[in-house]
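K.L.:
Would you mind keeping the following structure in view while I ask a few things?
The values are calculated or read from the model by the stated rules, or taken from the named source; none is laboratory data. Note that this is a predicted model, so its numbers are computed, not measured. Note: ideal-geometry Cβ built from the backbone for every residue, glycine included; neighbour counts use all protein chains shown.
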Amino acid sequence: MCTSPLSIAKLAHNMFLEGNLGDPGLFPGSARLEREAIVSLAELLHGPTGTTGFIVSGGTEANLMAMYAARNAAHVDSPEVVVPESAHFSFDKVCDMLNLKIVTVPLDADFRVNPGAVRQVVTKRTVAIVGNAGSAELGAVDPIEALSKIAVEHGVPLHVDAAFGGLVLPFLKELGYSAPEFDFGLAGVQSVTVDPHKMGFSTIPAGGILFRKSQGLQCIKTQTPYLTEETQCTFVGTRPAASAAASWAVFESLGREGFRKTVKRCMELTTLLYEGLEEEGFEVLLRPQMNIVAFRNANPRLLADKLNKSGWRVSFVPRLNCVRVVVMPHLKRQHISDFLETLRT
Ligand code: PLP
């Protein structure tokens, strides 16, 4: 799910190698770039004034921070998190670390969580509901609007994991694709994960975590006795300014138009791949909602092995028994036709 960073991202990264966002008073320029990168992400995701956040190491840390804040804000005994069956495996780690019980909710035929089933398992112990805006395996988008309503009704924060989709979905509608609402425009959404090191052409490590309200961070503040700021909200102490600067540089240089063009290309190639696979008689699990395609034949594990041996780096997803291709921006039309040709032979 990563791609070659833009040249300007590499340049910015190298200019900020010594920058430490963990001690912002010493690196005010770096801190400003991080803040501005967060503002760009917040604007894209309809964050209201006051939306705040951090450039972190990736989606895992972003999800960790969201769950940490939700747990601490709730102050309940035996806290639980309601997640779709398709939630990223980072939630297994995060919930283990935070001693949160995971309540898993099944999916419908389109691999989206069933809101009715979510409603049934929300209790007084629920500290957060999680929805995917682009599942890692299929790019499936949960019905975030319905989840948001449930979250509001129960006074529980909805966290949206848009680690991958957060830099795809906002452009789909503008390109004429149907794309559901998934961001801070929905009242129940309190935090969003969106990673510049995935569809954002940034350098690794660059995850993003946004919170609707800065008050949401009070409960994860730690005193930092010897640093330039008295408190810190991030989990990680010393943090790289380099990849935050790289993310900032990409937003400044590409702008909305640049991202839109990239997403357009990725979606056109995705459609080409999807149609080609259908023509060849493969079962495509889900009509792609973003630039991820998953398919199978009678023996997808063997197929994935064969493809990998012949140089195509595809993943096999055991849970869904399928081969998965992420159509990242470095792919070209020729790759898609060569790939389909390999499948034919
Ligand atoms: N969430 C989703 C939806 C993802 O697709 C991924 C990674 O692919 C993650 C979280 C974890 O992100 P990272 O590997 O950057 O920690």
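K.L.:
Surrounded by 22 or more Cβ atoms within 10 Å (Cβ to Cβ), at pLDDT 95 or above and assigned to a loop (DSSP other than H, G, I, E, B) - does that describe any residue in the stretch 238-254?
P.N.:
yes
K.L.:
Right, here's the next one. For the stretch 71-85, which positions are surrounded by 24 or more Cβ atoms within 10 Å (Cβ to Cβ) and within 16 Å of the ligand (Cβ to nearest atom)? Reasoning before the result, please.
P.N.:
Going through the stretch 71-85, the residues surrounded by 24 or more Cβ atoms within 10 Å (Cβ to Cβ) turn out to be 81-84.
Listed by number, the residues that qualify are V81, V83, P84.
K.L.:
With respect to S214, is the statement that it is more than 11 Å from the ligand (Cβ to nearest atom), in the same structural domain as Q120 (by TED's automatic domain parsing) and crowded, with 22+ Cβ neighbours inside 10 Å true? Step through it out loud before you land on a result.
P.N.:
Numbers: more than 11 Å from the ligand (Cβ to nearest atom): yes; in the same structural domain as Q120 (by TED's automatic domain parsing): yes; crowded, with 22+ Cβ neighbours inside 10 Å: no.
Here the answer is no, as S214 does not meet what is asked.
K.L.:
Hey, another quick one. Pairs please, first residue from the stretch 160-185 and within 21 Å of F201 (Cβ to Cβ) and in the same structural domain as N132 (by TED's automatic domain parsing), second anywhere and acidic (D, E) and within 11 Å of the ligand (Cβ to nearest atom), Cβ atoms under 6 Å, 6+ apart in sequence or on different chains.
P.N.:
A163/D195
K.L.:
Given the criterion small (G, A, S) and not assigned by TED's automatic domain parsing to the domain that holds A206, identify the matching residue among S315, S243. Talk me through it step by step, then tell me what you get.
P.N.:
Values: S243 fails: not assigned by TED's automatic domain parsing to the domain that holds A206.
Being small (G, A, S) and not assigned by TED's automatic domain parsing to the domain that holds A206 holds for just one of S315, S243, which is S315.
K.L.:
Same structure again: If I55 passes every condition in (1) surrounded by fewer than 20 Cβ atoms within 10 Å (Cβ to Cβ); (2) closer than 13 Å to A244 by Cα but one, which one does it miss?
P.N.:
Going through (1) surrounded by fewer than 20 Cβ atoms within 10 Å (Cβ to Cβ); (2) closer than 13 Å to A244 by Cα one by one, I55 breaks only (1).
K.L.:
Count, please, the residues in the stretch 43-63 that happen to be away from the ligand (no atom under 12 Å from the Cβ) and not in a strand (DSSP E or B).
P.N.:
9
K.L.:
Here's a check for you: in the stretch 91-114, which residue that is farther than 19 Å from A294 by Cα, of a type in the set (A, V, I, L, M) and without any contact (Cβ under 8 Å) to a residue 24 or more places away in the chain is farthest from the ligand (Cβ to nearest atom)?
P.N.:
V103
K.L.:
Consider E61 against the criteria (1) surrounded by fewer than 21 Cβ atoms within 10 Å (Cβ to Cβ); (2) of a type in the set (D, E, K, R); (3) touching a residue at least 60 places away in the same chain (Cβ under 8 Å): it satisfies all of them except one. Which criterion is unmet?
P.N.:
(1)
K.L.:
For the stretch 300-345, how many residues meet the condition of being under 16 Å from Y274 (Cα atoms) and of a type in the set (D, E, K, R)?
P.N.:
6
K.L.:
If you don't mind, another one. Taking the options A133, A151, name whichever one is touching a residue at least 24 places away in the same chain (Cβ under 8 Å) and within 29 Å of Y274 (Cβ to Cβ). Give the steps one after another, and end with the answer.
P.N.:
Working: A151 fails: within 29 Å of Y274 (Cβ to Cβ).
Criteria check complete, one pass: A133.
K.L.:
Specify which of the listed residues (A162, A128, A133) is aliphatic (A, V, I, L, M) and more than 21 Å from T262 (Cα to Cα). Don't jump to the end; show me each part of the working.
P.N.:
Working: A162 fails: more than 21 Å from T262 (Cα to Cα); A133 fails: more than 21 Å from T262 (Cα to Cα).
So the residue among A162, A128, A133 that is aliphatic (A, V, I, L, M) and more than 21 Å from T262 (Cα to Cα) is A128.
K.L.:
What pairs can you find where one residue is in the stretch 318-343 and surrounded by fewer than 19 Cβ atoms within 10 Å (Cβ to Cβ), the other is assigned to a strand (DSSP E or B), and their Cβ atoms are less than 7 Å apart, with a gap of 6+ or different chains?
P.N.:
Going by the 7 Å Cβ cut-off, the qualifying pairs are L320/A294; N321/R296.
K.L.:
Assess whether L169 counts as being crowded, with 24+ Cβ neighbours inside 10 Å and in contact with a Phe, Trp or Tyr (Cβ under 8 Å, 6 or more places away or on another chain). Spell out the reasoning first.
P.N.:
Numbers: crowded, with 24+ Cβ neighbours inside 10 Å: yes; in contact with a Phe, Trp or Tyr (Cβ under 8 Å, 6 or more places away or on another chain): yes.
So L169 fits the description; yes.
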